[in-house]
Amino acid sequence: MQNIEPILPHIDSHRDDLIVLSDNVWGMPETLYAEYRSCAEHTAVLRAKGFRVTEALAGIPTAVLGEAGEGGPVIAILGEYDALPGLSQVANIAEPKELVSGGAGHGCGHNLLGSAALLAACALKDWLAETGTPGRVRYYGCPAEEGGAAKAFMVRDGCFDDVDAAISWHPGGMTQIFGAHSLANTRIDFTFTGRTSHAAASPHLGRSALDAVELMNVGVNYMREHMPSSARIHYAYLDAGGTAPNVVQGTAKVRYTVRATDLPGMLALIERVRKIAQGAALMTETTVRPQVISAVSNLLGNTPLEEAMQSVMDGLGGVEFDEADRAYAWQIQATLSADDIASSYQRAGIEPRVGEPLCDYVVPRDPRGGGIMGSTDVADVSWAVPTVQARVATVAIGTPGHTWQITAQGKAPAAHKGMTYAAQVMGATARMLFTDEVLLARARKDHRDRLERQPYVCPIPDDVKPPLQPRPAAE
Ligand SMILES: [Zn+2]
């Protein structure tokens, strides 16, 4: 416990303020580069706690940086605060019930993610000052994790160039090291342009953009048999060309998400999807314009940092939940299928346990499970600097990501316990990096070795800018 104890009193002294922040952000769910109020809440706490604040980091108005300390290594703690569309939900109940009709909700727990990261940064700031240790702690308030790839844009802009290591976490059903299993991911829109015409009187004069999208989708669906089974391709219609069947659709737009286990694999797959789009355009005598919207890399692991964080988690033990926490988690589990619950254990790489609503232990490091995860923009930071993340139990085991159940549990007492634990883990791991030069050197070497095997290529084309949203008019 020697690496953990010095940081715990400082976590305690800021905990209540940061729980308030988390609950406030839960109550103002904002999505994809529109996180103006949530970012302002984080900025206000950074100022109140005495950090040096840089607003509009990387030219993104909803990104913020707070720094404290002098000299020494620079340790970044990464936070997020964006919500998801359509997941508005009343808190602390176990049935789907919208809080705001059609509203957004914190269905990925990022209210907790940002607040715990800032809690860790506050504790580290105090500890650095109290002990006179040379070093700087930075809180990076990162928007638009969900589909906006803000961190990839921030990496491209050089925001992490002088950082020595980065630490983050994600809320979930289990407590364990966040293995390097995320997928590289690109969002790319294909806009087809044809020629409108009366669909009955002069169909031969029309060239249907909707036909082109449909043929493209058929082509991609045939390709699935001949791509790596670990890759993922999804699509959604953004514009089907209108609602009138008697008009030949002159324009249509489809969004593709292409995911693969690594960057070269993803880039190769995107080329094949582009060729299929061109083929569909050729078949229908339309034209197609591809436009990359955002992209992230796959996560790069860091063995010394993962071992260090695991030792902290083992020292702390799991999150301590009480009977009331378990009672609510039981109610949530009653809304899940047996498969939901089983897959949570499978992803964690451990045998399923019966009658266990909450994870109150630490899953051993590097179990063979881990399976395929989604994608995260933390991945691009992990190519820029040695990076480590924890997963910490804040919800009932089996709760799937991006669901009303996550929003419902987002400000429950169990969530507050998980977020406090996450701050302890991040704070103690960062403290090790400030005091153990050998550990930091090993982390750097591990990172260098991985980059030598496969250099980083920014997955976002140079001309693509983040899809920023305007600041809403004052209320
Ligand atoms: Zn998330």
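The values are calculated or read from the model by the stated rules, or taken from the named source; none is laboratory data. This structure is a prediction, so every number in the text was calculated from the model and none was measured. Methodologically, a virtual Cβ is constructed for each residue, glycine included, from the backbone with ideal geometry; neighbour enumeration extends over all protein chains shown. Each accessible area value is taken on the protein alone, full model and side chains, heavy atoms only, with ligands, DNA and RNA left out. Shrake-Rupley method; radii C 1.70, N 1.55, O 1.52, S 1.80 Å.
Numbers below:
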item	result
Residue match in the stretch 384-398 (condition: in contact with a strand residue (DSSP E or B) (Cβ under 9 Å, 6 or more places away or on another chain), open to solvent by 60 Å² or more (accessible area, probe 1.4 Å), assigned to a loop (DSSP other than H, G, I, E, B) and under 30 Å from G86 (Cα atoms))	no
Residue selected from the stretch 181-197 under the condition in a loop (DSSP other than H, G, I, E, B) and more than 16 Å from the ligand (Cβ to nearest atom), by the criterion farthest from L65 (Cα to Cα)	S197
Given (1) of a type in the set (A, V, I, L, M); (2) open to solvent by less than 10 Å² (accessible area, probe 1.4 Å); (3) modelled with pLDDT under 95; (4) more than 12 Å from the chain's Cα centre (by Cα), index of the condition L183 fails	(4)
Matching entry among D377, D360, D314, D325 (being within 16 Å of the ligand (Cβ to nearest atom) and either over 22 Å from the mean Cα position of the chain (by Cα) or at negative phi (or both))	D377
Failed item, numbered, when K97 is tested on (1) open to solvent by less than 10 Å² (accessible area, probe 1.4 Å); (2) more than 15 Å from the ligand (Cβ to nearest atom); (3) part of a loop (DSSP other than H, G, I, E, B)	(1)
The stretch 148-169, residues that are within 17 Å of the chain's Cα centre (by Cα) and either in a helix (DSSP H, G or I) or surrounded by fewer than 22 Cβ atoms within 10 Å (Cβ to Cβ) (or both)	A150, K151, A152, F153, M154, V155
Check on A117, of a type in the set (G, A, S) and either in a loop (DSSP other than H, G, I, E, B) or away from the ligand (no atom under 16 Å from the Cβ) (or both)	no
The one condition in (1) away from the ligand (no atom under 16 Å from the Cβ); (2) over 15 Å from the mean Cα position of the chain (by Cα); (3) open to solvent by less than 20 Å² (accessible area, probe 1.4 Å) that M174 fails to fulfil	(1)
Flag for T435 being more than 22 Å from G318 (Cα to Cα), among the polar types (S, T, N, Q) and over 21 Å from the mean Cα position of the chain (by Cα)	yes
Residue among G135, G103 that is surrounded by fewer than 24 Cβ atoms within 10 Å (Cβ to Cβ), under 17 Å from T429 (Cα atoms) and touching a Pro at 6+ places or on another chain (Cβ under 8 Å)	G135
The one condition in (1) of a type outside the set (D, E); (2) in contact with a Gly (Cβ under 7 Å, 6 or more places away or on another chain); (3) within 16 Å of the ligand (Cβ to nearest atom) that A123 fails to fulfil	(3)
Test: residue in the stretch 106-129 that is open to solvent by 10 Å² or more (accessible area, probe 1.4 Å) and free of Cβ contacts under 8 Å to residues at least 40 places away in the same chain	no
Residue list for the stretch 71-94, filter: hydrophobic (A, V, I, L, M, F, W, C) and within 15 Å of the ligand (Cβ to nearest atom)	L78, A83, L84, L87
Residue match in the stretch 138-156 (condition: in contact with a His (Cβ under 9 Å, 6 or more places away or on another chain) and more than 16 Å from the ligand (Cβ to nearest atom))	yes
Cross-chain or 6+ apart pairs with Cβ under 6 Å, the stretch 229-247 first and under 26 Å from L267 (Cβ atoms) and touching a residue at least 24 places away in the same chain (Cβ under 8 Å), then open to solvent by 60 Å² or more (accessible area, probe 1.4 Å) and of a type in the set (V, I, T)	S230/T261
The stretch 246-268, residues that are crowded, with 22+ Cβ neighbours inside 10 Å and within 28 Å of Y33 (Cβ to Cβ)	A252, V254, Y256, V258, R259, A260, L263, M266
